[in-house]
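A.B. asks: Here you go, one structure.
The values are calculated or read from the model by the stated rules, or taken from the named source; none is laboratory data. As the structure is a prediction and not an experimental result, all values here were calculated from the model. Backbone-built Cβ (ideal geometry, glycine too); neighbour counts: all protein chains shown.
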Amino acid sequence: MRNATPGPSSQQTTILHVTFNMGIGGTEQVIRQLVTGLPSDCYENHVVCIDGNVGEMGQQLQRDGVDVFSISREAGIDKRLIRAIRESIRQLGVDIVHCHQYTPWFYGWLASLGTSARVVFTEHGRFHPDRYRHKAFALNPLMALKTHAIVAISDATRSALSRYEFVPKSRIQVLYNGIRSIEKNPSRASEVRAELGIPDKDFVLGTIARLDPVKNQAMMLDGFSIVLESCPDSWLLMVGDGPDRRTLERRASELGIESRVCFTGFREEPADYLAAMDLFLLTSHTEGTSMTLLEAMSLGVPAIATAVGGNVEIVESGRTGLLIPTENPAELAKAVLRLKSDRDLREKLGRESRILFEERFSVARMVSRYQDLYVKVLED
């Protein structure tokens with residue numbers, strides 16, 4: 001058992017965030033934004049990672065003085081993990097156990113039993129393809145009944161949580177993710193292009209994402225190959241890493257477009273690369289609330305995204321970007337060519353996306369809504 005830090009003063013609300021790990025990803029970004037955005041005089045945050053690894057973001061939070069620790073989860077139902085989380089709840093004087101994703105909810109909920117801690121569960125997204133689980137039919141309605149607040153990050157996620165996890169839809173509220181606004185540095189954007197050998201005048205499409213089959217970047221490559229047939233001054237910038245990287249590199253080679261596709265690998269400061277793009281692409285099979293899509297909006301970079309999941313709640317097609325069907329490279333190419341040829345439309349979409357971002361997806365709005373939720377949970 002780890003040594004817990006002393007409990008907070010009576011004026012503070014103590015929150016224990018339960019998650020898989022604090023590596024690089026959208027869920028992890030949301031947790032980091034909450035932990036750093038909540039007023040420190042009112043909230044004390046702790047983060048427990050149940051997969052035995054705090055990850056890169058967890059290490060950064062540790063350097064910033066946040067208590068982030070890990071417990072290795074064993075196969076099957078790990079009773080030792082339940083006891084360890086319960087002991088942390090008691091030692092830290094936890095008021096709210098905020099569980100991020102389903103498995104952390106399962107363990108956080110069980111650990112909270114017999115304590116005074118309230119439970120909040122946020123569903124950050126769904127696997128593709130989604131599926132029913134027989135055990136969920138019996139257990140999840142009971143867990144939902146004894147959970148003080150259930151949050152989905154989009155209407156699509158809310159519907160999936162209800163349909164596949166048997167959580168009563170009336171118990172689920174939608175609370176969109178938010179991020180800190182990014183400011184464009186034109187000189188740094190030019191430097192990034194120069195580093196990659198891309199002329200300033202050329203047209204750059206790009207994405208920032210984990211290279212994973214669910215992100216469907218193969219469709220992106222297929223659509224880009226069509227774009228190059230009529231616009232050879234175009235480039236595709238793929239920022240990120242993941243299990244699909246080698247497959248995607250082979251696909252680019254098979255299409256004969258490898259000289260125009262830049263695989264950068266993981267980057268600590270992806271915003272510099274985003275600022276170097278003329279268009280942001282998101283071709284996922286499914287999405288909750290894409291953090292990189294929000295980053296593109298904050299920079300005023302227009303997006304082309306597949307009409308799946310939370311994308312349709314973020315991108316207002318024709319106003320802040322364009323929505324296209326999934327598994328349709330020809331429609332992707334058509335949308336790219338439309339925006340490449342119409343600079344006025346690109347600029348209009350970029351301006352409107354920035355406005356919508358400030359209205360709905362800023363980190364301040366997200367933190368404020370979670371703060372209201374925490375207050376309500378403690379009052380009930």
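A.B. asks: Kindly evaluate residue 184 against the criterion of being charged (D, E, K, R) and within 28 Å of residue 380 (Cα to Cα).
C.D. replies: No, not satisfied.
A.B. asks: Look through the range 146-170, keep the residues that are surrounded by fewer than 16 Cβ atoms within 10 Å (Cβ to Cβ) and of a type outside the set (Gly, Ala, Ser), and return whichever of them is nearest to residue 288 (Cα to Cα).
C.D. replies: By that ranking, first place goes to 155.
A.B. asks: Restricting the search to the range 336-370, which residues are among the hydrophobic types (A, V, I, L, M, F, W, C), within 19 Å of the chain's Cα centre (by Cα) and assigned to a helix (DSSP H, G or I)?
C.D. replies: 356, 357, 363, 364, 366, 367
A.B. asks: Output the number of residues of the range 146-183 satisfying the condition of being assigned to a helix (DSSP H, G or I) and not hydroxyl-bearing (Ser, Thr, Tyr).
C.D. replies: 9
Table: residues versus (1) buried (at least 19 other Cβ atoms within 10 Å of the Cβ); (2) touching a residue at least 60 places away in the same chain (Cβ under 8 Å).
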site: 321; (1), (2): yes, no
site: 328; (1), (2): no, yes
site: 339; (1), (2): yes, yes
site: 362; (1), (2): no, yes
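A.B. asks: Sticking with this one: With the structure loaded, tell me whether residue 317 is at negative phi, of a type in the set (Ser, Thr, Tyr) and within 18 Å of the chain's Cα centre (by Cα) or whether it fails that test.
C.D. replies: No; evaluated as a whole, the condition is false for this residue.
A.B. asks: Determine, yes or no, whether residue 30 is modelled with pLDDT of 95 or more and not hydroxyl-bearing (Ser, Thr, Tyr).
C.D. replies: It is false that residue 30 is modelled with pLDDT of 95 or more and not hydroxyl-bearing (Ser, Thr, Tyr).
A.B. asks: So how many residues does the range 171-180 have that are more than 17 Å from residue 27 (Cα to Cα) and buried (at least 21 other Cβ atoms within 10 Å of the Cβ)?
C.D. replies: Number satisfying all stated conditions: 1.
A.B. asks: Another question, then. Select from the range 165-223 the residues that are of a type in the set (S, T, N, Q) and within 30 Å of residue 102 (Cβ to Cβ) and write down the one among them that is nearest to the chain's Cα centre (by Cα).
C.D. replies: Selected residue: 177.
A.B. asks: Which members of the range 239-269 meet the condition of being among the hydroxyl-bearing types (Ser, Thr, Tyr) and in contact (Cβ under 8 Å) with a residue 40 or more places away in the chain?
C.D. replies: If the condition is that a residue be among the hydroxyl-bearing types (Ser, Thr, Tyr) and in contact (Cβ under 8 Å) with a residue 40 or more places away in the chain, then 264 is the only one that fits.
A.B. asks: Kindly indicate whether any position in the range 221-232 is in the same structural domain as residue 290 (by TED's automatic domain parsing), outside any helix (DSSP H, G or I), at pLDDT 95 or above and on the phi < 0 side of the Ramachandran plot.
C.D. replies: Within the range 221-232, one or more residues are in the same structural domain as residue 290 (by TED's automatic domain parsing), outside any helix (DSSP H, G or I), at pLDDT 95 or above and on the phi < 0 side of the Ramachandran plot.
A.B. asks: State yes or no: is residue 263 modelled with pLDDT of 95 or more, part of a strand (DSSP E or B) and not aliphatic (A, V, I, L, M)?
C.D. replies: Spelling it out, residue 263 is indeed modelled with pLDDT of 95 or more, part of a strand (DSSP E or B) and not aliphatic (A, V, I, L, M).
A.B. asks: How about the range 140-174: which of its residues are modelled with pLDDT of 95 or more and small (Gly, Ala, Ser)?
C.D. replies: 149, 152
A.B. asks: Please count how many residues of the range 26-48 are of a type in the set (A, V, I, L, M) and outside any helix (DSSP H, G or I).
C.D. replies: 3
A.B. asks: Continuing with this model, one more query. Which number in (1) assigned by TED's automatic domain parsing to the domain that holds residue 307; (2) of a type in the set (Lys, Arg); (3) at pLDDT 95 or above marks the one condition that residue 354 misses?
C.D. replies: (3)
A.B. asks: Please enumerate the residues belonging to the range 184-220 that are small (Gly, Ala, Ser) and either under 23 Å from residue 291 (Cβ atoms) or not in a loop (DSSP other than H, G, I, E, B) (or both).
C.D. replies: 187, 189, 190, 194, 206, 209, 218
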